[in-house]
Structure formats: structure tokens, C-alpha cells
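As C-alpha cells, the structure follows; a few thoughts come after it.
Please treat every number below as a calculation from the coordinates, not as lab data. Bear in mind the structure is a predicted one, so any value in this text is a computation, not a measurement. Don't worry about glycine lacking a Cβ; one is built from the backbone with ideal geometry, like all the others, and counts go over all protein chains shown.
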Amino acid sequence: MSKLQSDNFSLKETFRKSDFSGKIALVLSTWFGTGLLPVAPGTFGTLATVPVVLGLSCLGIWYSVFALITITGIAVWSSNLSRQLLGRNDPSEVVIDEVAGFLVTMFLLPRAWLPLCSGFILFRFFDILKPYPIKKVERLKGGYGIVMDDLLAGLYAHLGVRIILFFIIT
């Protein structure tokens, strides 16, 4: 059995043995199963956030602020509990941190293809590369370390998109 299959088997076993809050944490931290995809779960977790971003852009700033704060809090809680349940520091199946990070990337950006596509690419770039101080923040304990590096990657990507839009618009 390959490592990936054993990880998914481990997650299914963990899910079955978990109490209600553990099950909720595993479902949310895998962003409703997106993190269980066999290749590039972080990329697919980010992609699965696009409908949320588009929906929030239609609702206005206060809904976006509320969603960002709420999802970040849920991400810290669910990723920490999932980490404990799975017995790994930063399980690849946990992708809710990418959801929170991509929400930071797209926060208050125009709803258009250029910001969305460039934000997606830049967020994945910074999330994978982890330039300073992202790599350092990743060392925080528990769910904070899992989520905070993605929030910083989202901030870097957001600034990158702002720079791109500045040069294209002016």
C-alpha cells in the first residue's frame, strides 16, 4: 500500500473513531474532503475557495470581514484538532489554512479574472516558497503554525496583486 493510501486510510479510521467535534474538525479542516484529493491538495483547497471568494465579493465588505475572521478562527481550531487526531504536525489533508489564506489574498480586490487568477497563482507561489518570515511563522505551535503561514502568504499575494493592478490600471 502506498503512503498516500495509508494516510487516507488513517484519516478514515481516525474519522470513524472520533467524537462529534473530531468529525466536524476533520470535515472542516479538509474543506469538505478537498484535502483528500491524491495530488496537490493545497492547490485544490485554494481552488475550492474560489466560489466563496466570488460569493463574498457580491455581499460587501462586512460580510467579507466576518467570513475572514470566522474562517480563520475555525481554521486554527479545526487544524489543531485534526493535527492531534492524525498525530502529524501539519497533515497535507488539512487545507482550511489555504482557504483562510486565499481569503486574505482576495480581500477587497475587484471581482474580475485578472485579480482572481493572479491572486491564485501568487498565493500558491508564496505558500509553497515560504519566503521570510513565512517559514519562521510556520514554526508556531499547533493550529496557529498551520494557519498563520498561509495568512502571511495571503498577505504577500494580496500585495502582489495590488502591485499588478496598479501597473495595469495606470
Subject >> Helix axis angle, 96-106 relative to the chain longest principal axis, alpha carbon, degrees >> reply: 0 degrees
Subject >> Two-site label geometry, ARG162 and LEU140: point separation in nm, points 7 Å out along Cα→Cβ >> reply: 2.0 nm
**OP:** Set the Förster radius R0 to 45 Å, insert the Cβ-Cβ distance between ARG16 and LEU108 as r into 1/(1 + (r/R0)^6), and round the FRET efficiency to 0.05.
**Re:** 0.60
Subject >> Cα-based equivalent ellipsoid, segment 40-165: semi-axes from gyration tensor eigenvalues, Å >> reply: 23, 16, 12
**OP:** Report, in degrees rounded to the nearest 10, the 0 to 90 angle that the Cα long axis of helix 113-129 makes with the longest principal axis of the chain.
**Re:** 50 degrees
**OP:** Measure nothing but the geometry: give the 0 to 90° angle between the long axis through the Cα atoms of 50-59 and the longest principal axis through the Cα atoms of the chain, rounded to 10°.
**Re:** 50 degrees
**OP:** Normalise the Debye intensity by I(0) for segment 1-92, one equal point scatterer per Cα, no solvent, then take log10 at q = 0.15, 0.16 Å⁻¹ and round to two decimals.
**Re:** -0.63, -0.70
Original post:
Which order do peptides 37-46, 133-142 fall in by mean Cβ count within 10 Å, highest first?
Top reply: 37-46, 133-142
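Once you list every other residue whose beta carbon is under 12 Å from the beta carbon of SER118, what net charge do they have if Lys and Arg are +1 and Asp and Glu are -1?
On the way: positive: ARG124, ARG162; negative: none.
Here the count lands on +2.
Mean shadow of segment 74-125, computed from the convex hull of its alpha carbons, in nm²?
Values: hull surface 16.2 nm².
Convex hull of Cα atoms, orientation-averaged projection: 4.0 nm².
Would you calculate, for the chain, the mean residue ellipticity at 222 nm contributed by helices, counting each DSSP H stretch of 4 or more residues as -39,500 (n - 2.57) and dividing by all residues, to the nearest 500? Mind dumping the intermediate values first?
Details: 9 runs with 128 residues, N = 170.
That comes out to -24500 deg cm²/dmol.
How far, in nm, would the chain grow between TYR132 and ALA40 when pulled straight, counting 0.36 nm per residue and subtracting the alpha carbon separation? Provide the component values of the computation, followed by the final result.
On the way: separation 92, 0.36 × 92 = 33.12 nm, distance 2.29 nm.
Result for the pair: 30.8 nm of gain on full extension.
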